[in-house]
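Peer 1: Below is a structure I'd like to ask you about.
The values are calculated or read from the model by the stated rules, or taken from the named source; none is laboratory data. Small disclaimer: the values here were computed from a predicted structure and weren't measured. As a convention, Cβ positions derive from the backbone with ideal geometry for all residues, glycine included, and neighbour counts pool all protein chains shown.
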Amino acid sequence: MSKFPKNFFWGGATSAIQIEGAYKEDGKGLSGSDCKTAGSFAKRRELTYIDQNGKPGTIPSNLGGTLPKGAKLAALDGYFYPSHEAIDFYHTYKEDIALFAEMGFKMFRMSISWPRIYPRGDENAPNQKGIDFYKNVFNELHKYGIEPLVTIFHGDLPLYLENTYGGWTDRRLIDYYMKFAETCLREFKGLVKYWLPFNEMNDYLLMLDMFGNISTKKTHQKSFQIIHNLLVANARTVALAHEIDPENKVGSMICGIPNYPATCDPADILETRYRWEKGIYYTGDAQVFGEYPVFAKRLWNEYEVSLETQPEDFEDLQKGKVDFYTFSYYMSNLVTTHEVKDIVQGNFANGARNPYLNYSQWGWSYDPKGLRYYLEAIYDRYHLPMIITENGLGARDTLTDGKIHDDYRIEYLKDHLHECKVAIEHGVDLIGYTMWGCIDLVSASTGEMSKRYGFIYVDRDDEGKGTNQRIRKDSFYWYKEVIESNGEML
């Protein structure tokens, strides 16, 4: 059995929205995420707004939510917004990073809050206090020998840009983003070497399947146009990062959900192939190969999409090919053209239940071999170094006598890391693994704290109440041994 590489990047991953809090502190502006309420598996999260007559309202915070004409997103009194305080990493980062170092982290994936750097998104000069905060975080990481892996944009678009331009469907966002990205690349030069311009941009296409019953020609056009604008910005960021510092390495970040055919019916086999192409390869190919794949035209025709492009967009794609490939992995998905009654629903998986797999209470399949399958399929296609930047188990942890015995999390991670080791033996150039939610954080999908991922328990509940104390779980000590043994002690 092959071993993990000698300089393997063991670590954990988070996002600013889900950990920082301090949502109006030191000059930070609001983001659209600061207008997103808490929810649960049974209750969808909502976005709050004020309409053109000043009347408040809510819409679902997914593809099916459309603001009334003239309405603007707003954070309103009487609602609980988990991102406003999150787990207060803004004030506890030294304590938290010390805990990461105690586990032996080699890499910490985090994101930069755009409205903390540019509060409205269109200012001439950045917010110096925001820049200082991230410099302090990066210096603290380097103090312990932890390499930052930084996502520049992880969903927290400045609220002003959201309300003024309607988000990423407007290509003017590319220029605003590039100013933000350039500020990050120049200000943090020498402190950050590994960059991810965007998080899971393929989500917009995955949602077309998840919300197929409400998906329309308008949402199809919107989703493909958003991805085009993101791809152009991504490519420009890669080129700029290499220009600013030749030591910079820039990667893709894809939501990795392998698809299996439910039957050997040729229709199911074809549909499964098309799901891979649309949901996984469409964005990956453009980032790695620097051009849209041949099947893109079929997708545009199928969804009646007419992309708004500029000639230089395609030149930018060629100039901005990524250096490595990263992805999240939580579950696999079963695809069929046949009518089925037993449907499961995870984050971006929505299909028939796989009878060979177990499922979490949030509808996520437990499929370690799916991770190996994805690693091998993607490496065979792209031949780039790979990092698993998200993988983990969301579960309800019970605090008993000041301890959390999370054997179920250890088992989950052990099973998935074993499959990583097999993939390495099979030739995959896997260079890192940053477990998602290494410290308990606000769930992006449900807004809950009770859906916990971390090695470190944070004493906050779904209503934001608690001491905010950090407590090491059993998995904390287990992961410490895994890192110390470089994956030999699984």
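Peer 1: Considering only residues that are in a loop (DSSP other than H, G, I, E, B) and among the β-branched types (Val, Ile, Thr), look in segment 1-57 and name the one that is farthest from residue 459 (Cα to Cα).
Peer 2: Going residue by residue through segment 1-57, those that are in a loop (DSSP other than H, G, I, E, B) are 1-8, 14-15, 20-24, 28-30, 37-45, 51-55.
Next, from what is left, pick out any that are among the β-branched types (Val, Ile, Thr): 14, 37.
Details: 14: 17, 37: 20 Å.
If we take residues in segment 1-57 being in a loop (DSSP other than H, G, I, E, B) and among the β-branched types (Val, Ile, Thr), then 37 is farthest from residue 459 (Cα to Cα).
Peer 1: If a residue must be of a type outside the set (Phe, Trp, Tyr), touching a helix residue (DSSP H, G or I) at 6+ places or on another chain (Cβ under 9 Å) and closer than 29 Å to residue 143 by Cα, how many such residues does segment 72-90 contain?
Peer 2: 5
Peer 1: Please go through (1) within 24 Å of residue 326 (Cα to Cα); (2) at pLDDT below 95 for residue 489 and return the number of the only condition it doesn't satisfy.
Peer 2: So residue 489 meets the others, but not (1).
Peer 1: Another question, then. For residue 308, are the conditions met, namely being over 20 Å from residue 376 (Cα atoms) and out of contact with any helix residue (DSSP H, G or I) (no Cβ under 8 Å at 6 or more places or on another chain)?
Peer 2: no
Peer 1: Same structure again: Condition first: among the aliphatic types (A, V, I, L, M), modelled with pLDDT of 90 or more, farther than 25 Å from residue 288 by Cα and assigned to a loop (DSSP other than H, G, I, E, B). Now tell me which residues in segment 309-367 satisfy that. Give the steps one after another, and end with the answer.
Peer 2: Within segment 309-367, the subset among the aliphatic types (A, V, I, L, M) is 317, 322, 331, 334-335, 340, 343-344, 349, 352, 357.
From the residues that got through so far, the ones that are modelled with pLDDT of 90 or more too are 317, 322, 331, 334-335, 357.
Next, from what is left, pick out any that are farther than 25 Å from residue 288 by Cα: 334-335, 357.
Of everything in segment 309-367, just one residue is among the aliphatic types (A, V, I, L, M), modelled with pLDDT of 90 or more, farther than 25 Å from residue 288 by Cα and assigned to a loop (DSSP other than H, G, I, E, B), namely 357.
Peer 1: Here is a follow-up. Output the number of the condition that residue 445 fails; it satisfies all remaining conditions of (1) surrounded by fewer than 20 Cβ atoms within 10 Å (Cβ to Cβ); (2) touching a helix residue (DSSP H, G or I) at 6+ places or on another chain (Cβ under 8 Å); (3) of a type outside the set (Val, Ile, Thr).
Peer 2: Just one mismatch for residue 445, condition (2).
So that you can scan it fast, the table gives a plain yes or no per residue for (1) modelled with pLDDT of 95 or more; (2) surrounded by 14 or more Cβ atoms within 10 Å (Cβ to Cβ); (3) of a type outside the set (Phe, Trp, Tyr); (4) touching a strand residue (DSSP E or B) at 6+ places or on another chain (Cβ under 6 Å):
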position	(1), (2), (3), (4)
9	yes, yes, no, yes
14	yes, yes, yes, yes
40	no, yes, yes, no
45	no, yes, yes, yes
56	yes, yes, yes, yes
63	no, yes, yes, no
71	yes, yes, yes, yes
86	yes, yes, yes, no
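Peer 1: Could you grab me the full set of residues in segment 106-138 that are more than 17 Å from residue 21 (Cβ to Cβ) and hydrophobic (A, V, I, L, M, F, W, C)?
Peer 2: 107, 108, 125, 131, 138, listed by residue number.
Peer 1: May I ask you to list the residues in segment 233-264 that are closer than 18 Å to residue 354 by Cα, touching a Ser or Thr at 6+ places or on another chain (Cβ under 7 Å) and not polar (S, T, N, Q)?
Peer 2: 256, 257, 258, 260, 261, 262, listed by residue number.
Peer 1: When the residues of segment 135-181 are narrowed to those that are small (Gly, Ala, Ser) and within 14 Å of residue 113 (Cβ to Cβ), which ends up surrounded by the fewest Cβ atoms within 10 Å (Cβ to Cβ)?
Peer 2: My answer is 155.
Peer 1: Among the numbered criteria (1) closer than 27 Å to residue 206 by Cα; (2) touching a Gly at 6+ places or on another chain (Cβ under 6 Å), which single criterion is violated by residue 42?
Peer 2: Here residue 42 meets the rest and fails (2).
Peer 1: In segment 193-211, is there at least one residue being in a helix (DSSP H, G or I) and over 22 Å from the mean Cα position of the chain (by Cα)?
Peer 2: No, segment 193-211 has no match at all.
Peer 1: Could you say whether any residue in segment 1-8 is under 20 Å from the mean Cα position of the chain (by Cα) and either touching a residue at least 12 places away in the same chain (Cβ under 8 Å) or within 30 Å of residue 421 (Cβ to Cβ) (or both)?
Peer 2: no
Peer 1: Go through the residues of segment 404-425 one by one and say whether even a single one is over 19 Å from residue 490 (Cβ atoms), among the charged types (D, E, K, R) and surrounded by fewer than 23 Cβ atoms within 10 Å (Cβ to Cβ).
Peer 2: No: zero hits.
Peer 1: Among the numbered criteria (1) at pLDDT below 95; (2) surrounded by 15 or more Cβ atoms within 10 Å (Cβ to Cβ); (3) not aliphatic (A, V, I, L, M), which single criterion is violated by residue 400?
Peer 2: Result: residue 400 passes all but (2).
Peer 1: Which one of 155, 130 is closer than 25 Å to residue 96 by Cβ, outside any helix (DSSP H, G or I), in contact (Cβ under 8 Å) with a residue 60 or more places away in the chain and of a type outside the set (Ser, Thr, Tyr)?
Peer 2: So the residue among 155, 130 that is closer than 25 Å to residue 96 by Cβ, outside any helix (DSSP H, G or I), in contact (Cβ under 8 Å) with a residue 60 or more places away in the chain and of a type outside the set (Ser, Thr, Tyr) is 155.
Peer 1: Assess whether residue 277 counts as being part of a helix (DSSP H, G or I), without any contact (Cβ under 8 Å) to a residue 24 or more places away in the chain, over 23 Å from residue 374 (Cβ atoms) and among the acidic types (Asp, Glu).
Peer 2: No: the conditions fail for residue 277.
Peer 1: Of 329, 274, which residue is over 27 Å from residue 10 (Cα atoms) and of a type in the set (Ser, Thr, Tyr)? First the steps, then the outcome.
Peer 2: Values: 329 fails: over 27 Å from residue 10 (Cα atoms).
Just one listed residue meets the conditions, 274.
Peer 1: Continuing with the same structure: Considering segment 368-414 alone, what residues qualify as being in a strand (DSSP E or B), touching a helix residue (DSSP H, G or I) at 6+ places or on another chain (Cβ under 8 Å) and not charged (D, E, K, R)? I'd like the intermediate steps shown before the answer.
Peer 2: Taking segment 368-414 as the starting set, the residues that turn out to be in a strand (DSSP E or B) are 386-390, 395, 400, 403.
Filter again for touching a helix residue (DSSP H, G or I) at 6+ places or on another chain (Cβ under 8 Å), leaving 386, 388, 395, 403.
Within segment 368-414, 386, 388, 395 meet the criteria.
Peer 1: Scan segment 168-188 and tell me whether some residue there is in a loop (DSSP other than H, G, I, E, B) and among the acidic types (Asp, Glu).
Peer 2: yes
Peer 1: Okay, next question. Is it true that residue 96 is touching a Lys or Arg at 6+ places or on another chain (Cβ under 8 Å), among the charged types (D, E, K, R) and at negative phi?
Peer 2: Considered against the rule, which asks whether it is touching a Lys or Arg at 6+ places or on another chain (Cβ under 8 Å), among the charged types (D, E, K, R) and at negative phi, residue 96 comes out as yes.
Peer 1: Can you tell me which of 19, 97, 50 is β-branched (Val, Ile, Thr) and either more than 30 Å from residue 485 (Cα to Cα) or surrounded by fewer than 19 Cβ atoms within 10 Å (Cβ to Cβ) (or both)?
Peer 2: Values: 19 fails: either more than 30 Å from residue 485 (Cα to Cα) or surrounded by fewer than 19 Cβ atoms within 10 Å (Cβ to Cβ) (or both); 97 fails: either more than 30 Å from residue 485 (Cα to Cα) or surrounded by fewer than 19 Cβ atoms within 10 Å (Cβ to Cβ) (or both).
Going through 19, 97, 50 in turn, just one is β-branched (Val, Ile, Thr) and either more than 30 Å from residue 485 (Cα to Cα) or surrounded by fewer than 19 Cβ atoms within 10 Å (Cβ to Cβ) (or both): 50.
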